[in-house]
Amino acid sequence: MDILKEISVRLQQGDDERVCELTRQAVEKKVPPRAILDEGLIGGMNIIGERYKAHEIFLPQVLLAAKAMYAGTDVLRPLFVKEGMPAIGKVVIGSVQGDLHDIGKNLVGIMLKGAGFEVIDLGNDVPPERFVETAEKEDAAVIGISALLTTTMPVMKRTVDLLEEKGLRTKIRTIIGGAPISEEFAKQIGADAYGYDSTNAVESVKRLIMANESD
Amino acid sequence: MLQEHGAKVEREKYHVIITNEIIDEALKTVPESFKLFDVIGNQTHDFSEHNVYFTPGSAALNILDYNSGEIRKPTTADYARYAKLVSRLDHIASQSTAFIPTDVHEKISDSYRLYLSLLFCEKPVVTGAFTIEAFDIMRDLQLALRGTKEGLAAKPLTILSCCPTSPLKWSDVTSQNVVDCAEYSIPVEFVSMPLSGFMAPVTLVGTLVQHTAETLSGVVISQLTNPGAPVLYGGSPAIFDVRYETTPMGAVETQMIDCAYNEIGKHLGMPTQGYISLSDAKQLDAQSGLESSMGATLAALSGINNISGPGMLDFESCQSLEKLVLDNEICGMTLRMIKGIEPKEDFPSLPRFEELLKEKHLLISRHTMRYLSEEFYLPGSVIDRANRARWQEEGGKTLLERAHTGVEKLVRECVPSRLPDDKKNELTKLMEREARRYGMSSLPHIDS
């Protein structure tokens, strides 16, 4: 089997040790690191994403595959010292100020990383200023904000407003999610997208980035 | 036969008085368990102790047509679709001859159902004969698969429902069916149907007394014919709804009677059956879910061995393929429930919680991966567990629409029965010969 194909297959099986070993072998065989990343690792994760959406596999299998993906990217990282690890895009995520709930946000983080994004996780209870400053400094394309409490939902709007004030609204896109959030609420506060679960969030972030690139 | 065994027979009144001694004699020989085998010959059922199996409701006159939303008379094509569907429903352990195709002569409409079932699905069949003569062809179809009388006795393939008529009556047809089945060791389920307040006492206890007498009379006929012949202590009693003149199968009292006679049957040393997981609703509405679920839950907790009803609506008169897909999930959840809660590497508990604190979640813990599929029953997409946004994105489908999608998918994915072609041809020859007896030159065309 073609080594990139084998990396993809082993990644789908969640076999992190084998993915690490195969990635090393591919590097030794002078397979371009970018091809290993795109065709082997991210290629495998894309299949996992589709199968998860179709209910053929469940969340644990996705997370195991993501873990295998990290095992592969850890091998590749030193090869991208100069230009930095290529990523589909950079996303800053966190739970909104006043909210200590982070299960959903963590899940989104894992899924975004699995899909090839670079994720900067600011944790929970994150004030609007910190979201915006970090995204600006890191040149992130998207800010993702999570809330579980209805009382903290309104604070999400302040982050969107702050981006507006700084003239960054079109450069840095926003996506929100969490149990009390809805598509309508996202529209109401001017957020660019709403993710109803982690897979949907990844799809929405991809769409936001593609839309920005084509602008 | 009953007279020979000491029963008092009053021929002019058509009365037989069965004594305690005769009943005790029958109870000594009646088997406390038996097994069932599929078309291929593999064991599928062990009717013993509190083992629980589900089987579709049998012999409906109508099916609920998805496209029109109306009931109509079923045809061969409907039956083939039904049998294929049941072959794909994991939690429904046997077929029943669920409805009566109307595109064949009525004298073969019972055996023809069995023939189609044996052709399209490997699962064993709960069935019944409408006449005395029909037994012969139904027996021959089974002998064709098992080879000999002894082979059939060693690996029973069907259960014949034999119904006494309340109060305390046996017709020529049903009593002869019991005798014929016993001679061939074909299992029988006795389906006594006392109607509380109408053809039985209004009290549940009174109904149970009558049910016991009716069922024991069947056990006596069976055991005196062939001691050791397998039977299920079953029934389909109901209370009588004095407002609508109907026999509600979803009534809680009906289900209480079922659970109670199950205890009587087990006390007397027999495996049991009950018409309990079904609904009187006319469509797949909330009532159809609640009645079937309540029945399935009570039946499984009571340990009724063969639970009849899935797919059935409208007082046992209407089968629905969509309801079968829904009920398959009710059965799956119920079977999960009776597996209960057991510790699985849960003690000592501390390491698990240390892992949770360290890893922040247990989604990919070895413990999770090892026990996830045993601990959770994940139903098919007929059960909506998406959040609202995803449900809307996927079309905001109703239960009926999701169930229909399930029917179409499962029928499409059905794999043909592994029964060898020469056996299938033999079945067809037998059935064609029977059809000719009633003036049909050929059987309806079947799309495979």
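The values are calculated or read from the model by the stated rules, or taken from the named source; none is laboratory data. Given the structure is predicted, the values throughout are model-derived calculations rather than measurements. Cβ coordinates were reconstructed from backbone atoms using ideal geometry, including for glycine residues, and neighbour counts include every protein chain displayed.
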Q: Check the stretch B:387-397 and report whether any residue there is within 30 Å of residue B:145 (Cβ to Cβ) and more than 14 Å from chain A (Cβ to nearest Cβ).
A: no
**Q.** Residue satisfying all of: in the stretch A:159-215; polar (S, T, N, Q) and within 14 Å of another protein chain (Cβ to nearest Cβ); surrounded by the fewest Cβ atoms within 10 Å (Cβ to Cβ) among these
**A.** A:182
Q) Is it the case that the stretch B:358-375 has a residue that's small (Gly, Ala, Ser), in contact with a strand residue (DSSP E or B) (Cβ under 9 Å, 6 or more places away or on another chain), surrounded by 10 or more Cβ atoms within 10 Å (Cβ to Cβ) and within 12 Å of chain A (Cβ to nearest Cβ)? A) no
Q) Got a sec? Which strands (runs of 3 or more DSSP E) wholly within the stretch B:9-115 have at least 2 residues that are of a type in the set (A, V, I, L, M, F, W, C)? A) B:15-17, B:34-37, B:62-64
Q: Taking residue B:405 as the residue in question, decide whether it is within 14 Å of another protein chain (Cβ to nearest Cβ), in a helix (DSSP H, G or I) and at pLDDT 95 or above.
A: yes
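Let's see how each residue does on (1) closer than 29 Å to residue B:385 by Cα; (2) touching a Leu at 6+ places or on another chain (Cβ under 9 Å); (3) free of Cβ contacts under 8 Å to residues at least 60 places away in the same chain; (4) of a type in the set (Phe, Trp, Tyr):
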residue: A:1; (1), (2), (3), (4): no, no, yes, no
residue: A:16; (1), (2), (3), (4): no, yes, yes, no
residue: A:23; (1), (2), (3), (4): no, yes, yes, no
residue: A:42; (1), (2), (3), (4): yes, no, no, no
residue: A:45; (1), (2), (3), (4): yes, yes, no, no
residue: A:60; (1), (2), (3), (4): yes, yes, yes, no
residue: A:83; (1), (2), (3), (4): no, no, yes, no
residue: A:98; (1), (2), (3), (4): no, yes, yes, no
residue: A:110; (1), (2), (3), (4): yes, yes, no, no
Q: Answer yes or no: is there a residue in the stretch B:317-331 that is crowded, with 20+ Cβ neighbours inside 10 Å, in contact with a Lys or Arg (Cβ under 8 Å, 6 or more places away or on another chain) and more than 14 Å from chain A (Cβ to nearest Cβ).
A: yes
Q. Got at least one residue in the stretch B:337-356 being under 24 Å from residue B:272 (Cβ atoms), away from chain A (no Cβ under 14 Å), outside any loop (DSSP other than H, G, I, E, B) and in contact (Cβ under 8 Å) with a residue 12 or more places away in the chain?
A. yes
**Q.** Looking only at the stretch A:75-118, and only at residues there that are over 21 Å from residue A:49 (Cα atoms) and of a type in the set (Asp, Glu), the one that is nearest to the other protein chains (Cβ to nearest Cβ)
**A.** A:102
Q.
Against the definition (assigned by TED's automatic domain parsing to the domain that holds residue A:100 and over 14 Å from residue A:96 (Cα atoms)), how does residue A:173 come out, yes or no?
A. yes
Q: Consider residue B:209 carefully, then state whether it is touching a strand residue (DSSP E or B) at 6+ places or on another chain (Cβ under 6 Å) and surrounded by fewer than 20 Cβ atoms within 10 Å (Cβ to Cβ).
A: no
